[in-house]
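Nothing in this text is a laboratory measurement; each read-out follows from the coordinates by a stated rule. Since this is a predicted model, take the numbers as computed values, not measurements. Glycine gets a Cβ as well: all are built from the backbone with ideal geometry, and neighbour counts include every protein chain shown.
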Amino acid sequence: MRKQMEGDNQRRRALARQARERGRQPSDDAATLGASKQLTHLDRGKRAGPPPAGVHKPDSSRGGPAPPPAGRPSATRPGPRPGPGQPETIGLGYRELVGDVSRRTGVDFREAKVGAEATVLVLSRALEETDRQRLLRAVPVSLHDVTPVDGIEQHRDLPGFLGEVARISGRTPEQARYQAEATMAALATRDGRLVASLRVPEGLRDLLAAPEAGGGLVGPSGSTAPLNADELRAALADLPYWSARGPTLSRSIALPPPNLDRVLDQIDQLRRDTGRGPAITRQTGSSAVLTVRSRQADAVTARDVDLAHRVDDAIEEAGAGIAG
């Protein structure tokens, strides 16, 4: 057996040498098979004759055509980029839009996303069907693909709207207003024509107003920017009944108990109408202290000044009723 294997190896080497002399690879003449397998292969080849006619696997070693290279999928044309008014748009994408809201409100990305999502959902529910679909097609899908719009309560008045935004986002109505106004401002920056064309209910038009000068919405550490010393002095000049105490504005009221109750009821109505109102501390039956403060900014802001003026108006209105 050993001698047979040695003879096989010698024959294999001879076949390999002959193949190289003919300019062929040894494997083309089966000269690289093991001794016993080589002989079997050659004998089988002699017996088998030419390959059968008909379809068979191409074999370049037999002189047939080489198999075609593996196919590659043809390049597909990229689809058209969505334009204004189409899904995932409004000038910039989802991260840019929410990032803008984050900068305007001074909160982190996650909190800004929650506020923007709540605003979009509640606003779309307040719109008529045509405008609702236009808005939802325009804003990034990520802002309304989790909560169905039909599950949102419909509110076309500001207090109800802010209350629903607050409920969804887990914030106070005051914070909800910051979120809603920042979201609307960010949307308007990216597609002002769309936002202007929406038939927003009259009770919600205040959300479309530009932020007031002297504070606005942007602040480094909270939802609103603090007033500087000069702005605060100028504001207090128009608020003779108010004083600044640290990060708050305060006003004291002293009236007979029935009259004070009526005034405080009027102030409570202001909160229901606008979503904002002062903190009320009833010191005695005939006196109370009103305090206005932007908690997230931890300072006096332009919004606090505006609220103080509204409180003065409400007190004056209630006083006129008492006098009558």
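The stretch 173-192 and the stretch 104-131 have Cα centres spaced 8 Å apart.
Using the Cβ of ALA279 as centre and a radius below 13 Å, the other residues enclosed give a net charge of +4, where K and R count +1 and D and E count -1.
Mark the label point 7 Å from the Cα of GLU317 along Cα→Cβ and return the residues of the stretch 279-301 whose backbone N is within less than 16 Å of it. Correct set: none at all. Within the shell of other residues whose beta carbon sits under 12 angstrom from the beta carbon of ASP131, the net charge comes to +3, with Lys and Arg scored +1 and Asp and Glu -1.
Neighbours of ARG171, meaning other residues whose beta-carbon lies under 14 angstrom from its beta-carbon, give a summed charge of 0 when Lys and Arg score +1 and Asp and Glu score -1.
Note the full-extension length gain between ARG262 and ASP298 as 0.36 nm times their separation in residues minus their Cα-Cα distance, in nm to one decimal. Between ARG262 and ASP298, full extension yields 9.9 nm more. Between GLN18 and GLU153, the modelled label-to-label distance comes to 9.8 nm, taking each label 7 Å out from Cα in the direction of the beta carbon. Using the Cβ-Cβ distance between LEU208 and ALA234 with R0 set to 22 Å, the FRET efficiency from 1/(1 + (r/R0)^6) comes to roughly 0.25. Computed packing ranks the peptides 273-281, 114-122 as 114-122, 273-281, most packed first, by mean other Cβ atoms within 10 Å. With each label modelled as a point 7 angstrom along the Cα→C-beta vector, the GLU128-ALA279 pair spans 4.5 nm.
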